[in-house]
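Bear in mind these aren't lab numbers, they're just calculated from the coordinates by the rules spelled out. If you're wondering where the values come from, they're calculated on a predicted model, not measured in any experiment. Virtual Cβ from ideal backbone geometry, glycine too; neighbours counted across all protein chains shown.
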Amino acid sequence: MIKRILVALDPDSDTQVATQYAVEIAGRSGAVVTGVAVVDMGSIEASSIGGGIGSMYYAEKLRENLTAETRQKAQELARRFSDFVEGTGVRHAEVVREGVPFRRIVEDMKYHDMLILGNNPHFFYCHPKQHTQTLAKIVEQTIGPTLVVPETYTEVRKILIAYDGTNEAARAVRNFTHLFPFGRDLEIRILHVYRNDDAESKLMLRLIRSFMEAHDFTLDTMGIISNSAKEKILSQADEFGADLIILGAHTKSGLRGVRLGDATSHLLENSNIPLFIEH
């Protein structure tokens, strides 16, 4: 059961959609919704670095102005969130943090059951069009499931589960069944992304069906696709008319550290329906 939902606030329109999903889920579960805005001190510092000794004064003034402007915008985001949720009757709270956005959000998620945020976040409020890696870093490091939403709200009635038997995918299914954020009266298709052979796929499908049925979910249809799943998952979701995709967020390790896997990144960048993701 969901008791606490965290919504990451930024100036983009998908934040209002994230708040709408949070209100819907909280209305069903009785959860408290927390909106968190973050003053990105790291980006402020980087944007106000002076070019030499003579420019240090101006750099300091720029830093002060950017900090004040960003704090004001963060407070405004918190007020807009409060005004939106207040009229719904859902219990809510608003907090403004200072620091690196993904770190502050990950820290707050230690004390919430689910995170909801838009799929194109720009947490540097002074430059809202500046691209950041905040979303990828949150998905990589957060504790608990993340619901990533587009700019348009759609009622969730049909769900596609992309399941490959990995720990990440199993955690995604497990958390979804335990939290049941959209109730249980859903049409669900599970899509097994196989790695070895058809027999193994059929076994995994039987096992995951049994697990979900034990939690009062019904799987209407099942399918199997090859391991090259990036485009196939989205095409299957479109064919099914899915309102939500459930998946495990895979990562890769390289010279520059851990990063999201190709399929996860592709879905985050190209899906026009919400993603329920677990790392």
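Observations on the model:
- Modelled label positions at residue 166 and residue 16, each set 7 Å beyond Cα in the direction of Cβ, lie 3.6 nm from each other.
- Rh by Kirkwood over Cα pairs, then Stokes-Einstein D for region 158-278 at 1.002 mPa s and 20 °C, µm²/s: 148 µm²/s
- Ranking of 160, 179 by count of other Cβ atoms within 10 Å, fewest first: 179, 160
- Cβ-Cβ FRET estimate between residue 111 and residue 1, R0 fixed at 25 Å, reported to 0.05: 0.95
- The label point for residue 262 and the one for residue 174, both projected 7 Å from the Cα toward the Cβ, are 2.9 nm apart.
- Likely footprinting exposure, 77, 9, fewest C-beta neighbours within 10 Å first: 77, 9
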